[in-house]
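Reviewing the structure listed below.
The values are calculated or read from the model by the stated rules, or taken from the named source; none is laboratory data. What you see is a predicted model, and the numbers here were worked out from it, not measured in a lab. Cβ coordinates were reconstructed from backbone atoms using ideal geometry, including for glycine residues, and neighbour counts include every protein chain displayed. Note: areas computed on protein heavy atoms with side chains; ligands, DNA, RNA excluded. Shrake-Rupley method; radii C 1.70, N 1.55, O 1.52, S 1.80 Å.
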Amino acid sequence: MMMVLLLAPLCIFAQKFGNVDSGSIIQLLPDYIQAQTDLQNLQKQYQDEFNYLQEELAKKSEDYQSQAETLPDNIKQRREQELEDLYSKMQQFAQDSQVNLNKVSQEKMESITTKVLKAIQEVGDEGGYTCIFDTADGVVPYVSKTATTDVTPLVKAKLGIN
């Protein structure tokens, strides 16, 4: 019984802990770089369309202002309604674009994150680690560089990046 009590602390120290910075890994992945390029292109397309709608609204507003004094009331009302509708359409487009951009970004990052997590799990299994802490998300308040092994290079190697 005494031997079990003496060996118990040794079992605790035999555990192997590692830490990884998944944020630095993700930024090096070709998938992430491509995702960022795709998102920038999509954002530019949305911005171009928004600018087009803005120019259309400005032009119609300017036309209306220049003719407002000479227009009959029923035409004024119709044009004012048209301007309001165009403005609402522009606002709705901006909101829809942002929602879609966020959705596409989340979808792209989900597959990238899954890929990195799989590599971390494989490194953990292959290296016999009890636990690997991710220092990128700040959830772990303290990680001693001497008490853990930084497995970031192993995960990078698993993903084929430098």
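Just a few scattered comments:
- Scanning the stretch 116-125 for residues that are more than 20 Å from the chain's Cα centre (by Cα), touching a residue at least 24 places away in the same chain (Cβ under 8 Å) and either closer than 14 Å to ASP21 by Cβ or open to solvent by 50 Å² or more (accessible area, probe 1.4 Å) (or both) yields a total of 2.
- Flag if GLN98 is open to solvent by 90 Å² or more (accessible area, probe 1.4 Å), farther than 27 Å from LEU42 by Cβ and either outside any helix (DSSP H, G or I) or without any contact (Cβ under 8 Å) to a residue 60 or more places away in the chain (or both): no
- Condition broken by ASP137, with the remaining ones in (1) in a helix (DSSP H, G or I); (2) open to solvent by 80 Å² or more (accessible area, probe 1.4 Å) satisfied: (1)
- The sole residue among THR70, THR113 that is at pLDDT below 95, of a type in the set (S, T, N, Q) and open to solvent by less than 100 Å² (accessible area, probe 1.4 Å) is THR113.
- The sole residue among TYR87, TYR32, TYR52 that is modelled with pLDDT of 95 or more and within 30 Å of THR130 (Cα to Cα) is TYR32.
- Tally, over the stretch 18-31, of residues that are open to solvent by less than 50 Å² (accessible area, probe 1.4 Å) and assigned to a helix (DSSP H, G or I): 5
- All of (1) in contact (Cβ under 8 Å) with a residue 40 or more places away in the chain; (2) open to solvent by less than 50 Å² (accessible area, probe 1.4 Å); (3) among the aromatic types (Phe, Trp, Tyr) hold for TYR64 with one exception: (1).
- Qualifying residue in the stretch 83-93 (condition: open to solvent by 100 Å² or more (accessible area, probe 1.4 Å), assigned to a helix (DSSP H, G or I) and touching a helix residue (DSSP H, G or I) at 6+ places or on another chain (Cβ under 9 Å)): yes
- Residue within the stretch 72-85 that is among the hydrophobic types (A, V, I, L, M, F, W, C) and under 20 Å from the mean Cα position of the chain (by Cα) present: no
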